[in-house]
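To start, the structure itself, in structure tokens.
The values are calculated or read from the model by the stated rules, or taken from the named source; none is laboratory data. Everything quoted here is computed from the prediction, not taken from an experiment. Cβ: placed from backbone, ideal geometry, glycine included. Neighbour counts: every protein chain shown.
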Amino acid sequence: MTKEEIDQQLDEMAAEALAKGDDDLRPGLIYLNDKAYGVQIRTETISAKRGQRYRGVRVFVSRSYDTRIITRKETVGLEVGEFEDLTESIPNPT
């Protein structure tokens, strides 16, 4: 997935959750393949507690992952920390 595809899916998931009034449908975790890390997506880590984040969504990186986004409901049992509000997408520098 490209950054643009990830941004689009995050926005669509947030819009669907809002339309249905169900916070469990909001983006909960991004699984990111290590080949996309730092190339397609740049994450930020403010503290060890918050972990890696992209647009406020927790990010797990591994070469064994296919890049995908799961809902908050699907994160049950995972150590994702506190959910944060989805922030705006920042365009790639040109």
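Output the number of residues of the range 79-89 satisfying the condition of being within 15 Å of L25 (Cβ to Cβ) and acidic (D, E).
Of the residues in the range 79-89, the ones within 15 Å of L25 (Cβ to Cβ) are 83, 85-86.
Filter once more, keeping what is acidic (D, E): 85.
Count: 1.
Which one is nearest to V76 (Cα to Cα), of the residues in the range 38-48 that are hydrophobic (A, V, I, L, M, F, W, C) and in a loop (DSSP other than H, G, I, E, B)?
In the first step, residues of the range 38-48 are kept if they are hydrophobic (A, V, I, L, M, F, W, C); the result is 39, 41, 46, 48.
Next, from what is left, pick out any that are in a loop (DSSP other than H, G, I, E, B): 39, 46, 48.
Values: V39: 29, I46: 23, A48: 20 Å.
Among them, the one singled out is A48.
In this structure, does E74 turn out to be exposed (fewer than 10 other Cβ atoms within 10 Å of the Cβ) and either over 29 Å from G21 (Cα atoms) or not polar (S, T, N, Q) (or both)? Spell out how you get there, then give the answer.
Numbers: exposed (fewer than 10 other Cβ atoms within 10 Å of the Cβ): no; either over 29 Å from G21 (Cα atoms) or not polar (S, T, N, Q) (or both): yes.
Taking the combined requirement at face value, the residue does not satisfy it.
Within the range 49-78, how many residues turn out to be assigned to a loop (DSSP other than H, G, I, E, B), small (G, A, S) and farther than 19 Å from L25 by Cβ?
At the first step, the residues of the range 49-78 found to be assigned to a loop (DSSP other than H, G, I, E, B) are 49-51, 55-56, 63-67, 72, 76-78.
After this cut, where a residue has to be small (G, A, S) as well, the list is 51, 56, 64, 77.
Restricting the remaining residues to those that are farther than 19 Å from L25 by Cβ gives 51, 64.
Counting residues in the range 49-78 that are assigned to a loop (DSSP other than H, G, I, E, B), small (G, A, S) and farther than 19 Å from L25 by Cβ gives 2.
Any residue that is modelled with pLDDT under 90, out of contact with any Ser or Thr (no Cβ under 8 Å at 6 or more places or on another chain) and part of a loop (DSSP other than H, G, I, E, B) - is there at least one of those in the range 2-22?
Yes, the range 2-22 has at least one match.
Just give me the residues in the range 23-33 being among the hydrophobic types (A, V, I, L, M, F, W, C) and modelled with pLDDT under 95, in sequence order. So that I can check it myself, show each step before the final result.
First pass over the range 23-33, keeping only residues among the hydrophobic types (A, V, I, L, M, F, W, C): 25, 29-30, 32.
Within the range 23-33, L32 is the sole residue that qualifies.
Could you check the range 35-79 and list, in sequence order, the residues that are touching a residue at least 40 places away in the same chain (Cβ under 8 Å) and under 11 Å from the mean Cα position of the chain (by Cα)?
First, the residues of the range 35-79 that are touching a residue at least 40 places away in the same chain (Cβ under 8 Å): 54-55, 57, 67-75, 78.
Residues satisfying the conditions are Y54, R55, V57, T67, R68, I69, I70, T71, R72.
For the range 23-37: of the residues being assigned to a loop (DSSP other than H, G, I, E, B) and touching a strand residue (DSSP E or B) at 6+ places or on another chain (Cβ under 9 Å), which is farthest from V80 (Cα to Cα)? Let's see the steps before the verdict.
At the first step, the residues of the range 23-37 found to be assigned to a loop (DSSP other than H, G, I, E, B) are 26, 34-36.
When the remaining residues are screened for being touching a strand residue (DSSP E or B) at 6+ places or on another chain (Cβ under 9 Å), the result is 26, 34, 36.
Values: R26: 14, D34: 18, A36: 20 Å.
Step by step, filter the range 23-37, then rank; the result is A36.
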